[in-house]
Every structure is written in C-alpha cells, then in structure tokens.
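Read through the structure below, which is laid out as structure tokens, and then see the notes.
The values are calculated or read from the model by the stated rules, or taken from the named source; none is laboratory data. These figures come from a predicted structure and were not determined experimentally. All Cβ positions, glycine included, derive from the backbone under ideal geometry; neighbour counts span all protein chains shown. Heavy atoms of the whole protein, side chains included, go into the accessibility calculation; ligands, DNA and RNA do not. Shrake-Rupley method; radii C 1.70, N 1.55, O 1.52, S 1.80 Å.
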Amino acid sequence: MSDLPPTHERLGRPSQSPGLVRYFTLFMAVLYVALGVSLWLVPAGMLQLHETARQLLAAIFVFYGIVRFVRTYQQYFKKDRHEA
C-alpha cells in the first residue's frame with residue numbers, strides 16, 4: 001500500500017513547520033476581521049442582503065476573526081511560563 005504511518009501516529013506528531021502555519025492562521029484571522037468590517041461598511045444596495053442580516057454576518061466575521069487571532073497568539077506566540 002503506502003509508506004505513510006497510521007493516522008493516529010501522524011496526528012500525534014508535532015507539525016513539521018510551525019512557522020508557516022502560525023503566520024497563515026494569523027493572516028486568516030486578519031482576513032476574517034477585514035471581511036466583517038467591509039461587510040459592515042459596504043453600501044446597503046450593493047449586496048442582496050437585508051440590512052440586519054448583513055450587520056449580523058459582519059459581526060460574526062469580526063468576532064470569529066478575533067477569536068482565531070487570540071487562539072493563534074496563545075498557541076504559537078505566547079511563551080509558556082513553565083519554559084522560562
């Protein structure tokens with residue numbers, strides 16, 4: 001078949017290149033916030049959404065982007081107090 005190890009072994013292994021992953025997840029968090037802000041600021045007639053639905057969707061994108069940013073920061077950039 002294949003030379004790949006079983007799934008449970010691959011999932012237990014740390015990431016090979018955490019540098020690229022950490023910056024990509026930060027980029028995605030900023031992108032979600034930017035999408036939410038742009039949805040909030042776009043003129044009402046530009047999208048075929050009701051005003052309330054557009055504002056709710058914008059708020060969800062901004063909230064999700066902030067949550068992703070905080071989780072990414074805590075996971076990849078915050079130094080562990082026990083390591084120092």
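Here are some notes:
- Counted charge near Ala29, where neighbours are those whose Cβ lies closer than 13 Å (Asp, Glu -1; Lys, Arg +1): +3
- Of all accessible heavy-atom area on the range 18-78, the percent that carbon and sulfur account for (1.4 Å): 73 percent
- Distance in nm between pseudo-label sites at Ile66 and Ala44 (7 Å out along the Cβ direction from Cα): 2.5 nm
- Heavy-atom accessible area per residue - the range 18-78, 1.4 Å, Å²: 74 Å²
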